[in-house]
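Enquirer: Sharing a structure, written as structure tokens. Questions coming.
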Amino acid sequence: MNDNDINNLPPEFNHIPEGGRNDQMNDYYTGQTPPSPDTEENKEPKEGITFNGLNLVIGMAIFLWLSNGRDVFTDDWSFYPYLAAVVIIHELGHVIVGKSFGCFIQEMQVFFLSFVSYKPKAVEGGSSWRDIKWSLGVLPLGGVTMFKSRESVTENEAEGLESGSQGAASATSPYIEDKQAWKRLLISAAGVLFNLATFLILYIAMPYMSEECKDFFWPLISLSLILALLNILPVYPLDGGAIVFSLYEMVTGKKPSPGFTRACGWIGFVFIILFFWVFPEWLGGILDSIFRFCFEH
């Protein structure tokens with residue numbers, strides 16, 4: 001999911017006020033309320049490599065608990081590098097397309113409960129890729145790409161933006177809310193499209209592969225298709241839910257209210273828990289049918 005990841009060096013970021021980069025970040029895909037300006041989360045990420053031992057301990061505890069008698073994780077450790085590769089491809093789709101539209105991206109995280117992060121050192125005149133923090137988490141349940149939210153700007157910054165024309169603000173603003181609905185739709189769909197592209201390229205190449213190559217690439221092929229199918233479900237905060245919201249705005253000309261979006265996020269979270277963990281046989285049956293159709297006909 002992104003919280004539904006990805007893009008690339010727009011010059012628009014040069015105008016961001018120095019204090020603006022210390023503002024809170026809001027995960028576009030989860031719709032969560034941004035933290036208050038005084039919290040530690042709101043401060044500029046430290047440059048270089050940072051390590052969070054507490055998240056590592058908590059994440060490992062949750063991992064072991066979920067693995068105990070539950071069909072969520074696997075004992076085949078070779079599975080996890082393939083899953084990480086597929087998630088990286090997915091989130092890079094969000095990053096690349098988001099950056100191409102001038103969005104400011106705070107962080108790209110692979111897996112959840114990040115325990116190690118890397119923030120490139122800022123260099124005057126350097127690329128905007130140095131603004132991104134790259135993080136690796138403990139729980140192999142997906143990834144997330146965090147975009148800067150307009151809600152985090154100060155009152156003075158907001159007044160300055162409102163004084164200009166809306167079209168100009170949308171064209172140069174680093175905030176994802178200011179982008180046109182069709183652009184946000186493409187940003188939301190980018191992860192799924194990148195996974196589908198990976199699947200199709202390898203699927204088409206399969207007849208020309210040796211048996212060793214097929215064995216090596218098969219997990220990447222299957223996981224790319226699975227991740228694309230799961231994320232396209234029209235359930236917020238999955239990418240499919242964000243796509244539905246963008247389509248709604250394109251048709252009605254209105255954005256869903258923050259309260260409605262937040263409520264959909266909680267409902268979607270409950271659905272994800274039920275669908276993926278409580279009743280995984282439903283998901284397994286659907287995926288088995290799709291794979292039989294793709295690979296047995």
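Enquirer: With a 1.4 Å probe and all protein chains left in place, how much of the accessible area of the stretch 168-214 comes from carbon and sulfur atoms, in whole percent? Walk me through the intermediate numbers first.
Expert: Numbers: 1640 of 2240 Å².
So the carbon and sulfur contribution to the accessible surface is 73 percent.
Enquirer: Turning to a different aspect of this structure: Taking only protein heavy atoms into account and a 1.4 Å probe, give the accessible area per residue of the stretch 183-235 in Å². List each step's numbers first, then the result.
Expert: Values: 2620 Å² over 53 residues.
The answer is 50 Å² per residue.
Enquirer: Which ³J(HN,Hα) values, rounded to whole Hz and listed in residue order, are derived for the stretch 192-207 from phi using the Karplus coefficients 6.51, -1.76 and 1.60 in 6.51 cos²θ - 1.76 cosθ + 1.60 with θ = phi - 60°, glycine and proline given as x?
Expert: 4, 5, 5, 5, 5, 4, 4, 4, 5, 4, 6, 5, 5, 7, 4, x
Enquirer: Then there is this: Carbon and sulfur: what percent of the stretch 80-125's accessible surface (1.4 Å probe)? Mind dumping the intermediate values first?
Expert: Details: 1120 of 1600 Å².
Whole-percent figure for carbon plus sulfur exposure: 70.
Enquirer: Mind giving me the FRET efficiency for Phe51 and Thr74? R0 is 22 Å, r the Cβ-Cβ distance, nearest 0.05 is fine. Kindly include the intermediate steps, with their values, before the conclusion.
Expert: Details: r = 26 Å, r/R0 = 1.19.
After rounding to 0.05, the efficiency reads 0.25.
The values are calculated or read from the model by the stated rules, or taken from the named source; none is laboratory data. Computed from a prediction, not measured in an experiment: that's the story for all the values here. All Cβ positions, even for glycine, are placed from backbone atoms using ideal geometry, and neighbour counts span all protein chains on display. Side chains included, ligands, DNA and RNA excluded: accessible areas come from the protein's heavy atoms. Shrake-Rupley method; radii C 1.70, N 1.55, O 1.52, S 1.80 Å.
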